[in-house]
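One structure is given below, encoded as structure tokens.
Please treat every number below as a calculation from the coordinates, not as lab data. Values in this document were obtained by computation on a predicted structure and should not be read as measured data. Quick reminder, even Gly has a Cβ in these numbers, built from the backbone with ideal geometry, and neighbours come from all protein chains shown.
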Amino acid sequence: MSEPTILLIEDEAQIRRLVRAALENEDHRVLESGTLKAGLAQLHADAVQLLILDLGLPDGDGIAFIRELRTQFALPVLVLSARSAEGEKIRALDAGADDYLTKPFSTGELLARVRAQLRRAPQEGATAETYCHFGDIKVDLAQRFVTRKNEAVRLTPIEYRLLCAMLAEPGKVLTYRHLLSAVWGKAFVESNHYLRIYVSHLRQKLEDDPAQPKYFLTETGIGYRFQA
């Protein structure tokens with residue numbers, strides 16, 4: 001299988017050089033654009049597996065671009081932006097971004113987040129899995145059955161729905177609003193305390209050390225991420 005193609009839309013040439021060098025060092029194929037218009041043309045012209053997007057482009061708003069992108073493409077979107085306010089991150093994620101990395105950033109963290117998003121990207125010929133494996137946990141999605149070290153784990157219906165919502169999008173930052181809507185319904189999108197309680201339940205039942213979770217990670221002020 002050929003290496004993934006990554007499109008970087010970023011108007012700062014210095015950052016483009018830095019990101020390109022880091023990605024090419026991992027043997028990725030990298031396309032570049034300094035504007036949203038040129039980037040959209042590249043998306044239509046080439047098979048791209050991941051988009052890395054700056055929000056402050058000279059020819060438009062990155063968040064509006066993400067919303068439009070989601071009507072045409074399903075590829076993962078990693079935002080790379082100097083906008084560090086929680087509200088900006090939540091707006092981008094709710095618009096359809098999959099992850100958000102704030103400038104300045106380390107190349108190590110950038111590459112780790114790229115790897116996480118590429119694991120999510122649909123692969124040619126891929127078929128739907130009926131189970132999910134992480135650590136010593138196995139989730140049989142067809143039978144709605146969870147085991148840990150080959151022993152059954154009892155989950156309540158809400159705990160199981162929350163687990164499935166997180167497993168469905170590994171590596172993606174899921175906002176409170178997204179998870180609350182998926183698990184409890186749109187009437188509960190402001191009830192963040194429900195999430196804290198039930199994520200804590202999942203950690204107690206599925207993490208080796210619930211106080212230092214490895215799989216069910218908190219994105220402070222934004223939501224949660226499942227990381228296999």
Part-to-part distance (alpha-carbon centres) for segment 24-87 and segment 141-161, which is given in Å: 37
Long-range amide H partners of LEU31 with built H, under 5 Å: ILE6, LEU7, LEU8
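Cα-Cα over 32 Å: which of LYS89/LYS205; LYS103/LYS214; LYS149/LYS186; LYS138/LYS172; LYS103/LYS205? Please report the intermediate quantities before stating the final value.
Numbers: LYS89/LYS205 30 Å; LYS103/LYS214 25 Å; LYS149/LYS186 36 Å; LYS138/LYS172 20 Å; LYS103/LYS205 36 Å.
Distance filter (> 32 Å) returns LYS149/LYS186; LYS103/LYS205.
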Rounded to whole Å, sorted largest first: equivalent-ellipsoid semi-axes of segment 5-120, Cα gyration tensor: 18, 17, 14
Segment 131-226 - Debye-derived log10 I(q)/I(0), Cα point model, q = 0.13, 0.21 Å⁻¹: -0.40, -1.09
Estimated vicinal HN-Hα couplings, Hz - segment 60-66 in sequence order (Karplus 6.51, -1.76, 1.60; Gly, Pro = x): x, 8, x, 5, 4, 5, 4
With Cα atoms, 0 to 90° folded angle of helix 192-206 axis to the chain main axis: 70
Correct option for Cα extents along the principal axes in Å [calculated from the coordinates] among [x] 100, 47, 24; [y] 57, 39, 30; [z] 52, 40, 31: [z]
Coil-residue GluC sites (Glu not before Pro) of segment 190-219, DSSP, other Cβ within 10 Å capped at 13: GLU190
Selected from THR130, THR175, THR35 as most flexible by GNM, with the chain as the system and alpha-carbon contacts under 10 Å: THR130
Distant-in-sequence amide H partners of VAL153 (H built 1.01 Å from N, under 5 Å): VAL146, THR147, ARG148
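How would you order 76-83, 97-104 from highest to lowest mean count of nearby Cβ atoms within 10 Å? Kindly include the intermediate steps, with their values, before the conclusion.
Working: 76-83: 21.8, 97-104: 18.8.
Descending packing order for the listed peptides: 76-83, 97-104.
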Rough spin-label spacing in nm, given labels placed 7 Å along Cα→Cβ, for LEU111 and LEU18: 1.6
